[in-house]
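Here the structure comes first, spelled out in structure tokens, and everything after it is commentary.
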There are 2 protein chains.
Amino acid sequence: MKWKRSERLVDITHHLLEHPHKLIPLTYFSDLYQSAKSSISEDLGIVKETFEEKGIGLLVTVPGAAGGVKYVPKLHVEAARAIIQELMEELGHSDRLLPGGYLFMTDILGNPSIMNRVGKVFATAFANEKIDVIMTVATKGIPIAHAIARHLNVPVVVVRRDSKVTEGSTVSINYVSGSSRRIQTMVLSKRSMKSGQRVLITDDFMKVGGTMNGMKNLLEEFDCSLAGVAVLVEAQHSNEQLVENYLSLVKLREVSEKQRTIALEEGNYFTNGGF
Amino acid sequence: MKWKRSERLVDITHHLLEHPHKLIPLTYFSDLYQSAKSSISEDLGIVKETFEEKGIGLLVTVPGAAGGVKYVPKLHVEAARAIIQELMEELGHSDRLLPGGYLFMTDILGNPSIMNRVGKVFATAFANEKIDVIMTVATKGIPIAHAIARHLNVPVVVVRRDSKVTEGSTVSINYVSGSSRRIQTMVLSKRSMKSGQRVLITDDFMKVGGTMNGMKNLLEEFDCSLAGVAVLVEAQHSNEQLVENYLSLVKLREVSEKQRTIALEEGNYFTNGGF
């Protein structure tokens, strides 16, 4: 079957979107469509221009025999800002207030469309970093970790509070939770990471940063290094911050249980290098 | 700015892929590109043909003033079979064998590309069902639930073993785990579901089906109904099966710890109505 340019454009777009951060040789497309490389190059030129114009991402071309094209998800700054604004509006509803000043966020973490956009916002910030693995802690960080991972094309590892037989051999550490100063345990399957990997850690919520700090300590046990920290919502507090370099989308400034108000502001995403 | 057809095709493809199972009015595209509806219809005709030819999915056109176009992810049967075969190969490596005859699957659940394809296989099977919510139990079902949810454009709710303050008010039930016959507890946030919703339940592994059955019981507490059951790996056993109607991708027939062999076969996906 002979493919028309219009059909190739649709199929190439789908293929690239399904394989972010993966180098695809031009011969893959020219063989698939039985088209000359020059035609494929023209196709990719159109895709590249549209992806950049619309803030879908970049198409990076690597020349040479081992070369090809790579789709790098990257939002425009206005789109990232709009997603963060939408999150703040969503989170600001007073019926999210729980006893103790906690914020109900489970529905947001369960919304695949919001998670997809949050993932792309973080993938944009880490588009040029070398990241091998995304690490989170069970349970609520998992959707965020997977959303980022899909855009960066790297695996997710999940730290647990308890050891399970289905994890095989594990490495376990104790750490001090930030706010309550309690000793807690973290467990990760030994097979999860290889030494020397660069790890992005993420979670839905961070106050003092005890859990994040625990994950940082766990990285050392695996001889891995920290590539970045991504937080959906950080909370204002007066204690010493345990994690210094992180990106947050939203900051919870103050909660009044009595007046049922939630004060939010933009996180440090834009000021701390998200763009 | 005036958009060319080639650019519109790339952008329409991206927009549809990002919004599965969502009705998009033709005016959305004609306003966005400042193009006549007849041009947009032609664009959509090309996208539709390519999506169907390549097994990306269907484009369903709803006529009339409230009409529009809807992208329904749907694989070709050969693609679904190839994904299941790949899973079986992945799962069949003898180094996955854990003490007690368990299978290490954590890396597969942490692989966003495999999860994306698994999600599309299940989304294909449930493409014509009315599904409002996808339910799973923490921790390992979460990536599968989110992968399916993204293709069906519905929220995920996560059942937990324990109640947490950040969940707000919860509903809790006791159930009997299938194999060990122990009484266990399941907890779900009250805000998770509304009465009358149709729920697809999913998990990474099922033996007798105790956990699935527990989730079914939990549905009743919320006056919700079961729309389907999706399992990544089911295990052969001689007990009475607690869940009758389910789709599985892979069946674990036998494990020999001594000989370090794993016997797998295709699950009931194709025989039980996946296609």
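The values are calculated or read from the model by the stated rules, or taken from the named source; none is laboratory data. Not measured: the values here are computed from a predicted model. Note that we place each Cβ from the backbone using ideal geometry, even for glycine, and neighbour counts take in every protein chain shown.
Side notes on the structure shown:
- Test for A:Tyr33: is it under 23 Å from B:Thr50 (Cβ atoms), more than 13 Å from every other protein chain (Cβ to nearest Cβ) and modelled with pLDDT of 95 or more: no
- Filter pass, A:Lys48 being within 14 Å of chain B (Cβ to nearest Cβ), of a type in the set (Lys, Arg), within 17 Å of B:His14 (Cα to Cα) and surrounded by 15 or more Cβ atoms within 10 Å (Cβ to Cβ): yes
- The stretch B:64-79 residues that are over 20 Å from B:Ile12 (Cα atoms), paired with ones that are modelled with pLDDT under 95 and surrounded by fewer than 19 Cβ atoms within 10 Å (Cβ to Cβ) (beta carbon under 7 Å, 6 or more apart): B:Val77/B:Phe275
- Residue-level check: of (1) among the acidic types (Asp, Glu); (2) surrounded by fewer than 16 Cβ atoms within 10 Å (Cβ to Cβ); (3) more than 12 Å from every other protein chain (Cβ to nearest Cβ), A:Asp95 misses just (3).
- The set of residues in the stretch A:25-71 that are touching a helix residue (DSSP H, G or I) at 6+ places or on another chain (Cβ under 9 Å), among the hydrophobic types (A, V, I, L, M, F, W, C) and either in a loop (DSSP other than H, G, I, E, B) or not assigned by TED's automatic domain parsing to the domain that holds A:His15 (or both) comprises A:Ala36, A:Ile56.
- Number of positions in the stretch B:254-275 that are surrounded by fewer than 12 Cβ atoms within 10 Å (Cβ to Cβ), in the same structural domain as B:Thr202 (by TED's automatic domain parsing) and polar (S, T, N, Q): 1
- Residue that is within 14 Å of chain A (Cβ to nearest Cβ), closer than 21 Å to B:Pro112 by Cβ and within 24 Å of the chain's Cα centre (by Cα), where the choices are B:Leu59, B:Leu87, B:Leu75: B:Leu75
- Qualifying strands (runs of 3 or more DSSP E) (wholly inside the stretch B:205-275; at least 1 residues being among the aliphatic types (A, V, I, L, M) and under 21 Å from the mean Cα position of the chain (by Cα)): B:225-235, B:247-256
- One residue from B:Lys207, B:Lys216 being within 14 Å of chain A (Cβ to nearest Cβ) and more than 27 Å from A:Asn116 (Cβ to Cβ): B:Lys207
- First in the stretch B:246-275 and closer than 21 Å to B:Ile144 by Cβ, second anywhere and part of a strand (DSSP E or B) and polar (S, T, N, Q), Cβ under 6 Å, 6 or more apart: B:Gly267/B:Ser248; B:Asn268/B:Ser248
- First in the stretch B:1-22 and more than 7 Å from every other protein chain (Cβ to nearest Cβ) and surrounded by 17 or more Cβ atoms within 10 Å (Cβ to Cβ), second anywhere and of a type in the set (S, T, N, Q) and not in a helix (DSSP H, G or I), Cβ under 8 Å, 6 or more apart: B:Trp3/B:Gln34; B:Trp3/B:Ser35; B:Arg8/B:Ser35; B:Pro20/B:Asn153; B:His21/B:Asn153
- Meets criteria (more than 14 Å from chain B (Cβ to nearest Cβ), under 27 Å from A:Tyr71 (Cβ atoms) and either touching a residue at least 12 places away in the same chain (Cβ under 8 Å) or surrounded by fewer than 24 Cβ atoms within 10 Å (Cβ to Cβ) (or both)) for A:Ser238: no
- Which numbered condition A:Ile83 fails, given (1) outside the structural domain of A:Phe205 (by TED's automatic domain parsing); (2) modelled with pLDDT of 95 or more: (1)
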